[in-house]
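Quick notes on the structure that follows.
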Amino acid sequence: MDSENIHSIERINNKMLYGYIRVSTGTQAIHGYSLDEQKQALMNAGVEEKRIFMDAGKTGTNFNRDGWINLTKAVREGDTIVCYSMDRLGRNFNEIVLSMNVLEKNGINIRTIRENVNTETAAGRMVAQIFSAVAEMEHALILERTAAGREAAQKSGKVCNRPKTYTMRKARKALEYREQGWTIDDIAVRLKTSHAGVYRMMADAKKERENA
């Protein structure tokens, strides 16, 4: 029996464990985040080496998470992704939450070794919900501060509106990539824009969808 058929049988009979490891800087490797250390921790947790995906990324806008993209294509509903820690899912709080939300939406569970989070359990799901609530509040506060700043600038006679440098087609593409699990870094590189540009495009695409 060939490996593809064996894999198909495994898929039918079992929910699979997958692993994800990432290092984006040399400093992280020095402080216990080396790929080898992460891989060993995941294997000790029961993840087979052949199902561990990795990204040895770069800092800045050149960071490209091909391993993460390939992992999200491999997992199916009911599978579990194991990471060494929550911060392996993204490079900032909002990115971590967005990654978790995309996985949860597709029925994919998350386990972390360092924080001992497991979204297969009620406690783990509660932690994920707390993360989402905090991210939502943080986003609301940013919008509130931005609106207040814009209002103050308008009262003082300053012009705040920035001309758009992208089309709505590009904005829809940014939102589509994000909903597929791409990181902000990946989208920025693909669409040749900044992180702020990606967020503006996604906001416009969401507004268009809501008004449709």
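The values are calculated or read from the model by the stated rules, or taken from the named source; none is laboratory data. Please read these numbers as outputs of a predicted model, since none were measured by experiment. Quick reminder, even Gly has a Cβ in these numbers, built from the backbone with ideal geometry, and neighbours come from all protein chains shown.
In table form, for the structure just shown:
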item: The range 72-87: number of residues that are of a type outside the set (Ser, Thr, Tyr), touching a residue at least 12 places away in the same chain (Cβ under 8 Å) and over 17 Å from Gln38 (Cα atoms); result: 6
item: Some residue of the range 90-112 being of a type in the set (Asp, Glu) and over 17 Å from Arg22 (Cα atoms); result: yes
item: Of residues in the range 107-145 being basic (Lys, Arg) and part of a helix (DSSP H, G or I), the one modelled with the highest pLDDT; result: Arg125
item: Residue that is at pLDDT below 90, crowded, with 18+ Cβ neighbours inside 10 Å, more than 22 Å from Arg190 (Cβ to Cβ) and not assigned by TED's automatic domain parsing to the domain that holds His195, where the choices are Asp36, Asp87, Asp79, Asp55; result: Asp87
item: Residue list for the range 95-117, restricted to those being surrounded by 16 or more Cβ atoms within 10 Å (Cβ to Cβ) and either of a type in the set (D, E, K, R) or touching a His at 6+ places or on another chain (Cβ under 7 Å) (or both); result: Glu95, Glu104, Arg111
item: Search result, residues across the range 90-124 that are farther than 15 Å from Ile184 by Cβ and charged (D, E, K, R); result: Glu104, Lys105, Arg111, Arg114, Glu115, Glu120
